[in-house]
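S.K.: Starting off with a structure, shown below.
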Amino acid sequence: MKHALIIGGSGMLTDCCVALAAQGYHLSVVARNEEKMNRLEKKIKPLGKMTKLLVDYTDNEKLRTSIQQTVEGHGPVTLVVSWIHSTAPEAPQTVMDEVSKSEVPFRYFHILGSSSDPIAIKESLSSQPQGHYRSIVLGFVREKDRSRWLTHPEISEGVMEAIEQDEPLYYVGVIEPWEERPGR
Ligand SMILES: NC(=O)c1ccc[n+]([C@@H]2O[C@H](COP(=O)([O-])OP(=O)(O)OC[C@H]3O[C@@H](n4cnc5c(N)ncnc54)[C@H](OP(=O)(O)O)[C@@H]3O)[C@@H](O)[C@H]2O)c1
């Protein structure tokens, strides 16, 4: 079975979850708010199955246990899409470690904010040989006389494009020229 683990899937990655369900993935989604999760589940229902992992990812042990449980129930994770705030610095490695335990090849798409250093973050994570790590950096959109941040649908669409392209580093929107980013 194709099994995707989406960390933070009930917000800006909603459309990404829908697209992955349409591709036949079983989804395991990590988020805290049950109502938001139920709204996502309604969208997924006509397309496929979704397991709700209602866990705060700043709690490393709970995150670890919930990944173990979903792997036991639904098989090895073959795709990770991870949007984790900096409030949980240990969570990206925990996800990598738990998913690696199945010893089945998987791809790990790590979504990063515009001001992140993707190379430093990649180097700070240790990956097993079967884990193919990919960075996705969210940028902004330059328009004729202004720039703006990406919309949620643009972020989800860009993440799906990154999964399709399968490049080690993918930018959704642009980060240059940095001095033209919105709101400065
Ligand atoms: N460069 C850019 O363009 C850029 C970069 C970053 C963000 N943004 C924008 O900034 C906005 C805010 O970002 P956001 O992170 O709030 O986006 P979001 O994707 O709408 O929400 C975060 C997701 O992570 C989950 N989450 C958050 N904290 C969690 C925790 N401790 N444990 C488990 N799950 C957790 C949330 O669900 P629960 O709340 O239910 O836990 C939700 O599913 C977004 O709307 C996006 O458009 C833009």
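No lab work stands behind these numbers, since they all come straight from the coordinates. Worth saying up front: this structure is predicted, and the values here are computed from it rather than measured. For neighbour counting, all protein chains shown are included, and Cβ atoms are generated from backbone atoms with ideal geometry for every residue, glycine included.
S.K.: Answer yes or no: is there a residue in the range 82-91 that is touching a Lys or Arg at 6+ places or on another chain (Cβ under 8 Å) and surrounded by fewer than 18 Cβ atoms within 10 Å (Cβ to Cβ). Outline the logic, then answer.
M.R.: Our first condition is that a residue be touching a Lys or Arg at 6+ places or on another chain (Cβ under 8 Å); within the range 82-91, this holds for none.
No - not one qualifying residue is present in the range 82-91.
S.K.: Quickly run through the range 70-81 and pick out the residues that are surrounded by fewer than 16 Cβ atoms within 10 Å (Cβ to Cβ) and in contact (Cβ under 8 Å) with a residue 12 or more places away in the chain.
M.R.: Initial filter on the range 70-81 (surrounded by fewer than 16 Cβ atoms within 10 Å (Cβ to Cβ)): 72-73, 75.
Across the range 70-81, the qualifying residues are GLY73, GLY75.
S.K.: Among the helices (runs of 4 or more DSSP H) confined wholly to the range 85-180, which include 1 or more residues that are within 10 Å of the ligand (Cβ to nearest atom) and under 13 Å from the mean Cα position of the chain (by Cα)?
M.R.: Numbers: elements: 91-100, 118-124, 152-165.
Counting at least 1 such residues, we get 91-100, 152-165.
S.K.: Got a sec? Which of LYS43, LYS52, LYS2 is within 17 Å of the chain's Cα centre (by Cα), away from the ligand (no atom under 13 Å from the Cβ) and surrounded by 14 or more Cβ atoms within 10 Å (Cβ to Cβ)?
M.R.: Numbers: LYS43 fails: within 17 Å of the chain's Cα centre (by Cα); LYS52 fails: away from the ligand (no atom under 13 Å from the Cβ).
Among LYS43, LYS52, LYS2, only LYS2 is within 17 Å of the chain's Cα centre (by Cα), away from the ligand (no atom under 13 Å from the Cβ) and surrounded by 14 or more Cβ atoms within 10 Å (Cβ to Cβ).
S.K.: Every residue in the range 93-127 that is within 30 Å of GLY183 (Cβ to Cβ) and surrounded by 15 or more Cβ atoms within 10 Å (Cβ to Cβ), please. Break it down into steps so the answer makes sense when it comes.
M.R.: Of the residues in the range 93-127, the ones within 30 Å of GLY183 (Cβ to Cβ) are 109-125.
Hits for the range 93-127 are PHE109, HIS110, ILE111, LEU112, SER114, SER116, PRO118, ILE121, LYS122, LEU125.
S.K.: Which residues, taken from the range 18-40, are under 12 Å from the mean Cα position of the chain (by Cα) and in contact (Cβ under 8 Å) with a residue 40 or more places away in the chain? Talk me through it step by step, then tell me what you get.
M.R.: Pass one, the range 18-40, residues under 12 Å from the mean Cα position of the chain (by Cα): 20, 27-31.
Correct list: LEU20, SER28.
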